[in-house]
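Asker: Mind having a look at this structure? Questions to follow.
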Amino acid sequence: MEIKLEENERIDDLQIKNLKIIQNKKGFCFGIDSVLLSDFAKEIKQGSKIIDLGTGTGILPILLSAKTENTKITGIEIQKDVAEMAKKSVYLNKLEKRIEIINENIKNLKNIYEKNIFDAVITNPPYKKIGTGRINESETKLISKHEITADLEDFIQMSQYLLKDKGNLYLVHRPERLVDIISLLRKYKIEPKTFRTVQSNIKNAPNLVLIKAVKNAKAFLKIEKPLYIYEEDGNYTNEILKIYNK
């Protein structure tokens with residue numbers, strides 16, 4: 001496969017194991033939420049079979065390929081042009097044997113996969129309900145940010161279908177959707193087990209939540225200490241620097 005960059009595409013250095021990613025500067029580029037989720041999920045066991053629902057540019061599979069050992073990762077992306085860009089990044093990093101990108105709506109995965117075949121699901125789904133937030137964005141950004149092609153329940157219901165018994169779901173989302181998230185996880189018998197808030201600094205309220213949930217597990221929730229991104233002087237905290245390998 002020849003790597004040909006389209007208009008407005010660029011190659012960014014991920015600063016971990018010489019990995020790079022192709023992004024379109026006018027499209028939806030990955031943010032710190034994907035970086036934090038990949039680190040949150042790095043405990044995934046060696047040799048696991050992983051699926052990323054709504055992979056976008058393929059950032060989560062690429063980062064997880066560096067943070068986990070001998071795993072096979074499938075990324076599902078509904079937007080054809082974005083999926084093609086993710087495939088180019090996989091090829092650029094010579095990760096074809098570990099990462100597969102599939103252009104499909106997550107709601108159609110029952111037509112592709114049997115039940116209970118993945119050890120882990122990771123997902124950074126659209127945060128906003130339809131009709132909320134900015135709507136004067138490009139179609140690519142709208143689909144990435146808003147529940148247009150699939151909503152939160154679709155992501156959690158499909159996770160339940162795909163996960164093996166006691167398989168893990170790793171999710172990043174916004175705090176304002178927390179009641180919805182926990183209600184739906186319980187509805188589909190994926191028990192929240194680890195919860196961590198992310199704050200820009202010690203003075204601000206959380207703006208992200210990281211959740212690990214386990215299919216058919218018993219109820220017991222561990223709440224970890226908050227993750228702070230910045231020190232009071234505006235510099236990254238030591239934990240963030242470590243996550244970014246700096």
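The values are calculated or read from the model by the stated rules, or taken from the named source; none is laboratory data. What you see is a predicted model; the values in this text were computed from it and never measured. In this analysis, Cβ positions are derived from the backbone assuming ideal geometry, glycine residues included, and neighbour counts consider all displayed protein chains.
Asker: Could you list all residues from the stretch 1-40 that are in contact with a Lys or Arg (Cβ under 7 Å, 6 or more places away or on another chain), within 22 Å of Y244 (Cα to Cα) and either part of a strand (DSSP E or B) or without any contact (Cβ under 8 Å) to a residue 24 or more places away in the chain (or both)?
Answerer: R10, I11, D12, D13, I22, Q23, K25
Asker: Right, next: Just for the stretch 60-85: of the residues that are free of Cβ contacts under 8 Å to residues at least 40 places away in the same chain and among the aliphatic types (A, V, I, L, M), which one is nearest to V121 (Cα to Cα)?
Answerer: Across the stretch 60-85, the extreme among qualifying residues is I73.
Asker: Across the stretch 184-206, what is the total count of residues that are farther than 21 Å from E153 by Cα and assigned to a loop (DSSP other than H, G, I, E, B)?
Answerer: Result for the stretch 184-206: 7.
Asker: Does the stretch 95-114 contain at least one residue that is within 18 Å of I211 (Cβ to Cβ) and surrounded by fewer than 17 Cβ atoms within 10 Å (Cβ to Cβ)?
Answerer: No, the stretch 95-114 contains no residue that is within 18 Å of I211 (Cβ to Cβ) and surrounded by fewer than 17 Cβ atoms within 10 Å (Cβ to Cβ).
Asker: When T57 is evaluated against the numbered criteria (1) of a type in the set (S, T, Y); (2) farther than 20 Å from I243 by Cβ; (3) part of a loop (DSSP other than H, G, I, E, B), which criterion, by number, is the only one it fails?
Answerer: (2)
Asker: Could I ask something else about it? Does any residue of the stretch 222-244 turn out to be touching a Phe, Trp or Tyr at 6+ places or on another chain (Cβ under 7 Å), within 30 Å of I16 (Cα to Cα) and of a type in the set (F, W, Y)?
Answerer: yes
Asker: I would also like to ask the following. For the stretch 41-54, enumerate the residues that are in contact (Cβ under 8 Å) with a residue 12 or more places away in the chain and either in contact with a Lys or Arg (Cβ under 6 Å, 6 or more places away or on another chain) or within 19 Å of Y244 (Cα to Cα) (or both). I'd like the intermediate steps shown before the answer.
Answerer: Residues of the stretch 41-54 in contact (Cβ under 8 Å) with a residue 12 or more places away in the chain: 41-42, 44-54.
Of everything in the stretch 41-54, those that are in contact (Cβ under 8 Å) with a residue 12 or more places away in the chain and either in contact with a Lys or Arg (Cβ under 6 Å, 6 or more places away or on another chain) or within 19 Å of Y244 (Cα to Cα) (or both) turn out to be A41, K42, I44, K49.
Asker: Still on this structure: Scan I211, I181 and give me the residue that is surrounded by 14 or more Cβ atoms within 10 Å (Cβ to Cβ), assigned to a helix (DSSP H, G or I), at pLDDT 95 or above and at negative phi. Before the answer, list the steps.
Answerer: Numbers: I211 fails: assigned to a helix (DSSP H, G or I).
Just a single option satisfies the conditions, and that option is I181.
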